[in-house]
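Each remark here refers to the structure printed beneath this line.
The values are calculated or read from the model by the stated rules, or taken from the named source; none is laboratory data. Note that the structure is a prediction, hence the values are computed from the model and not measured. Here the Cβ is made from the backbone with ideal geometry for all residues, glycine too, and neighbour counts use every protein chain on show. Only protein heavy atoms, including side chains, enter the accessible area calculation; ligands, DNA and RNA are left aside. Shrake-Rupley method; radii C 1.70, N 1.55, O 1.52, S 1.80 Å.
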Amino acid sequence: MALGEETNALPPSFAKALQELSTHAWRPEIGVDEIPAPQRIAPFAAAITADVLSDDVELGNGRLVLLHDPMGNETWDGDFRLVSFARADVEPELVADPLLAEVGWSWLTDALDRNGARYVAPSGTVTSVASQSFGSLGDEPARAEVEIRASWTPILDEDGGLAAHLNAWDHLLCSLAGLPPLPEGVVMIPSARRGRGH
């Protein structure tokens, strides 16, 4: 489902969610692009990908999929579902920290709670991976990364409510990438353009 597609034939709640997704104001470090949404998972779906950049260096990236089934889905405990993937490089010594997975999961739940995003049925995994190169690749530096795969059911109403979840995902990506939070009182202004860096 293209974000700019005609919404007259869509369920009103999904059309409203698409509008919120297409006009959301992301942090300037996050470049967002629309990608093809997965088919067959739900009658209606939309998806975006995001890169977190600082001085043209990628610090992390992610994908977010919005699913909607007007008939509801028992597994979701609702008729919407958000599916998220987020990853970022971290210091290699962090991978050995036994608390990293719990901390990674708390980045998601804290982001949702702090942004007033109402939700139920959260689930997911936090994976940390370290790699060391050898032989002809021995000069390559050691690498480590954290991946957070999660899904949750947003509680939306006729006035919308997806924006709080998008703010939370923005917050998650930046926390994972090691960016400091925006100063208190700073509000992003929606851009008329979409795409990387907007």
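Numerical summary
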| quantity | calculated |
| --- | --- |
| Estimated Rh, the stretch 29-141: Kirkwood, alpha-carbon pairs, angstrom | 16.8 |
| Loop-resident sites, the stretch 7-83, for trypsin sites (Lys or Arg not before Pro), counting at most 15 other Cβ within 10 Å (DSSP) | Arg40 |
| Note, ³J(HN,Hα) from phi for the stretch 79-96, Karplus 6.51, -1.76, 1.60, rounded to Hz, x at Gly and Pro | 10, 10, 8, 10, 10, 10, 10, 9, 9, 7, 6, 9, 5, x, 5, 5, 4, 7 |
| Cα gyration tensor shape for the stretch 29-85, rounded if a/c is under 1.5, else prolate or oblate | prolate |
| Residue-span extension gain [Ser106 to Glu140] - 0.36 nm each, minus C-alpha spacing | 9.1 nm |
| Protein accessible area in the chain, 1.4 Å probe - carbon and sulfur % | 52 |
| 5 angstrom amide H check on Trp26, placed H, neighbours 5+ away | Ser191 |
| Nearest-ten-degree value, helix 12-22 long axis tilted from longest Cα axis of the chain | 40 |
| Between helix 100-114 and the chain: long-axis angle, C-alpha atoms, 0 to 90°, nearest 10 | 30 |
| About the Cα centre, charge dipole magnitude for the chain (Lys/Arg +1, Asp/Glu -1 at Cβ), debye | 400 |
| Linear extension gain, Gln39 paired with Ser133, 0.36 nm per residue minus alpha-carbon span | 30.1 nm |
| Euclidean distance between Cα centres, the stretch 122-174 to the stretch 42-100, Å | 6 |
| Long-range amide H partners of Gly78 with built H, under 5 Å | Asn73 |
